[in-house]
1. For the range 101-122, which positions are surrounded by 24 or more Cβ atoms within 10 Å (Cβ to Cβ) and either within 15 Å of Met56 (Cβ to Cβ) or more than 17 Å from the chain's Cα centre (by Cα) (or both)?
2. In this structure, is Leu192 surrounded by 22 or more Cβ atoms within 10 Å (Cβ to Cβ), of a type outside the set (Ser, Thr, Tyr) and modelled with pLDDT under 95?
3. Please give the number of the condition Ser144 fails out of (1) at pLDDT 95 or above; (2) under 19 Å from Arg207 (Cα atoms); (3) of a type in the set (Ser, Thr, Tyr).
4. Tell me which residues, restricted to the range 49-73, are more than 22 Å from Ser144 (Cβ to Cβ) and assigned to a helix (DSSP H, G or I).
5. Since Met52 meets every condition but one in (1) under 21 Å from Val217 (Cα atoms); (2) under 16 Å from the mean Cα position of the chain (by Cα); (3) not small (Gly, Ala, Ser), which condition does it not meet?
6. State whether one or more residues within the range 64-76 are small (Gly, Ala, Ser), closer than 20 Å to Leu219 by Cα and at pLDDT below 95.
7. Would you pick out the residues in the range 199-251 that are over 18 Å from Lys55 (Cα atoms) and at pLDDT below 85?
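The values are calculated or read from the model by the stated rules, or taken from the named source; none is laboratory data. Remember, it's a predicted structure, so these values are computed and weren't measured experimentally. Ideal geometry is used to build each Cβ from the backbone, glycine not excepted, and the neighbour counts take in all protein chains shown.
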Amino acid sequence: MFNWVKTAMLMAAIMALFGVVGGIFGGREGMLMALVFGGAMNVFSYWFSDKMVLKMYNAREVDETSAPRFYAMVRELAQRADLPMPRVYLIQEDQPNAFATGRNPQNAAVAATTGILQLLSERELRGVMAHELAHVRHRDILISTISATMAGAISALANFAMLFGGRSSDGRPANPLAGIVVALLAPLAASLIQMAISRAREYEADRGGAEISGDPVALADALGKIQMYAEGRIPMAPAEAHPETAQMMILNPLSGGGLKSLFSTHPPTAERIARLHALARGG
């Protein structure tokens, strides 16, 4: 429940930030144009995201004949989650990782790398796929699309103001110095909020996945094993080429460092593991 409240508050914050930036730079007309443009781009992405990302990763669809044990595992978990059976894919990559995509539960797909199938036990893999199905059940693709729309619209307004100067809602030119400061800081703030939303959804998918599988420790063990053996050491070329897809993964597949805690799409793995163990103890 806490993470749902946190997500709602963060969504409200990014919308409020959009209103402030729009009022400073674009007035009502500019704000509306930025929102329509950003919305159109992200509606397209939302509608076709499954096809695009699966193609980026050269994912191969499997069934009960080509991958019987893996397919049966996903089917059992989907039934436990009361979800339609998603399409199931395998990705020929050494890095152990997995993700879910699709605009709604009726058009969902889950994918796992061959690396994760080799690294994890069947019990641990079951915990990971339950996490991915929790993303589907929570409609996290929709939430991430809305946050991306707002962040993109804020950046568009800021870029417009940097190039052409902004106007307030009553048509007067915006204060140049204030405009520069806001144009630089607003996209940064929007990105921070967007990343915080992503982290909150990961925590909630951990909780939801534990409920679906009935085994929180399995997911905790899987996260620890992936972190220990792979994160940052086994590159994943499609993720490096398309870093915008990193937030979809069970763990961040990118090798870069920097201000990880603020700009990471995923919470600290140690904290995720601790929360899962607390769930197992009934906390």
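1. Thr101, Ala111, Thr113, Ile116 - these are the residues of the range 101-122 that are surrounded by 24 or more Cβ atoms within 10 Å (Cβ to Cβ) and either within 15 Å of Met56 (Cβ to Cβ) or more than 17 Å from the chain's Cα centre (by Cα) (or both).
2. For Leu192, the condition - surrounded by 22 or more Cβ atoms within 10 Å (Cβ to Cβ), of a type outside the set (Ser, Thr, Tyr) and modelled with pLDDT under 95 - is not met.
3. Against the list (1) at pLDDT 95 or above; (2) under 19 Å from Arg207 (Cα atoms); (3) of a type in the set (Ser, Thr, Tyr), Ser144 comes up short only on (1).
4. Going through the range 49-73, the residues more than 22 Å from Ser144 (Cβ to Cβ) turn out to be 58, 60-73.
The answer is Pro68, Arg69, Phe70, Tyr71, Ala72, Met73.
5. If we test Met52 against (1) under 21 Å from Val217 (Cα atoms); (2) under 16 Å from the mean Cα position of the chain (by Cα); (3) not small (Gly, Ala, Ser), just (1) comes out false.
6. To start, the set of residues in the range 64-76 that are small (Gly, Ala, Ser) comprises 66-67, 72.
From the residues that got through so far, the ones that are closer than 20 Å to Leu219 by Cα too are 72.
Filter once more, keeping what is at pLDDT below 95: none.
Within the range 64-76, not a single residue is small (Gly, Ala, Ser), closer than 20 Å to Leu219 by Cα and at pLDDT below 95.
7. Tyr229, Ala230, Glu231, Gly232, Arg233, Ile234, Pro235
Rundown of residues vs (1) surrounded by 23 or more Cβ atoms within 10 Å (Cβ to Cβ); (2) in a loop (DSSP other than H, G, I, E, B); (3) free of Cβ contacts under 8 Å to residues at least 60 places away in the same chain, yes/no style:
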position: Val217; (1), (2), (3): no, no, no
position: Asp221; (1), (2), (3): no, no, no
position: Gln227; (1), (2), (3): no, no, yes
position: Arg233; (1), (2), (3): no, yes, yes
position: Ala246; (1), (2), (3): no, no, yes
